[in-house]
1. Among Pro147, Phe122, Thr165, flag the residue with its Cα farthest along the positive direction of the charge dipole of region 117-169, charges on Cβ as +1 for Lys/Arg and -1 for Asp/Glu.
2. Can you list the HN-Hα couplings for region 214-227, worked out from phi with the Karplus curve (6.51, -1.76, 1.60; θ = phi - 60°), rounded to whole Hz and with x for Gly and Pro?
3. Work the Kirkwood hydrodynamic radius out for region 84-221: mean of 1/r over every pair of different alpha-carbon atoms, inverted, in Å.
4. Rank Lys232, Lys156, Lys185 by accessible area, highest first, at a 1.4 Å probe radius?
5. Sort Ser111, Ser286 from largest to smallest accessible area, using a 1.4 Å probe on the heavy atoms of the protein chains.
6. Enumerate the calculated ³J(HN,Hα) couplings along region 133-146 in order (Karplus 6.51 cos²θ - 1.76 cosθ + 1.60, θ = phi - 60°), each rounded to whole Hz, writing x wherever the residue is Gly or Pro.
7. So, taking all protein chains as they sit and a 1.4 Å probe, how much accessible area belongs to Leu233, in Å² rounded to tens?
8. Please list Ile178, Ile337 from largest to smallest accessible area, probe radius 1.4 Å, with all protein chains kept in place.
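The values are calculated or read from the model by the stated rules, or taken from the named source; none is laboratory data. Because the structure is a prediction, the values reported are computed rather than measured. Positions of Cβ are generated from backbone atoms using ideal geometry, with glycine treated the same way; all protein chains shown enter the neighbour counts. Side chains included, ligands, DNA and RNA excluded: accessible areas come from the protein's heavy atoms. Shrake-Rupley method; radii C 1.70, N 1.55, O 1.52, S 1.80 Å.
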Amino acid sequence: MHDGQERDASRRPAVTLRGTGSGSSVPGGGRATGAALPEGPDDSLATREMPAPPVPDEREAARRATDSLAPRGFGARYEILERLGTGGMGEVRLCRDRVIGREVAMKTIRSTRLDATHQWRFVREARVQGQLEHPAVVPVYDLGVDPDGYPYFTMKRVLGVGLDTVVARLAGGDHETIRRFARRKLLRRFVQIALAVDFIHSRGVVHRDLKPANLMLGDFGEVYVLDWGLVKLVEADAELEARMIVDASGAVRTSRGTVLGTPGYMSPEALRGEVERVDARSDVYSLGVVLFEVLALEPLHPRGAMAQKLVSMLQTDGARPGERAPRLRVAAELDAICARATRLEADHRFPSARALAESIEAYLDGSG
């Protein structure tokens, strides 16, 4: 209801008029409360809105409602319902938040990952994700430590299907998936993902683990970028400093030579452990690998033996899905976009995730 819209007269608050007896009727459909109001300067009747006193049942309801907000322990607030999945660092469970009265997803660190490095990465994941306010980033609700001493955070429970599952079903010829995620529809979702990644780059964050398994498609056009455990926070410059993410986890810098990411999707510079060279264009490379998989319906770098995969990552300079899967008739424009995104040298790629997104949008707008 708009502020200026007239309310139903039967729901207006009661008012009191000087000179009226207790229980007298007043304009507006309310009943007088019996409390006197001061007269106006011209001795006219003054009016003032006053809330009606709560009836006993309302007092009890109010007491119960406020009591439910009192500080309570982990077990009293969260009811564990089921396990939703397990990742490299943590486990995600479906829980009921008894205070709010809703289902939430709770991520906890795995007991085998309880060393100091994984703990600060876990806490930083929650804080970075919580500060990235964007429709494609799942909002964080709570961050704490459970009774067993394990850190946890809760977030919105999102429903959808992983892009890895979509690609696998398309490759298998699943008719329902083909109907729901025809190429043009999937490319438009990919554009949304690329723009979301461009947003996180604008906040000084590099994801470092973009892959189909970390990208979710909702039933109503939503896209979600998941798993922020390996993010890199870039150095601030004058333009970025005002909006960059604050890292309050006590994290240390990733040392040179450390390899973070998923083989087959991480950039060549990340694979070589060149941490200082990992920037937004590294995520552009990962997006290009994802785009290749969406168009060719198979991974860019071969499955199986790790050595073979790593050699492919260091030698494949610009991948064209149309050459890998000619039966799928990938347009030359899409081949060129994918090839540019997956160049070995970062300087030869799209300069930003937005530039990649705009190239695909231009193709979609011009292809009819």
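1. With unit charges placed on the Cβ atoms, the residue in question is Thr165.
2. Ordered by residue, 3J(HN,Hα) equals 9, 10, 10, 10, x, 6, 10, x, 6, 10, 9, 9, 10, 6 Hz.
3. About 16.6 Å for region 84-221.
4. Lys185, Lys156, Lys232
5. So, going from the largest accessible area down, we get Ser111, Ser286.
6. So the J values, rounded to whole Hz, are 8, 8, x, 8, 10, 5, x, 8, 9, 8, 9, x, 10, 7.
7. 40 Å²
8. In descending accessible area the options line up as Ile178, Ile337.
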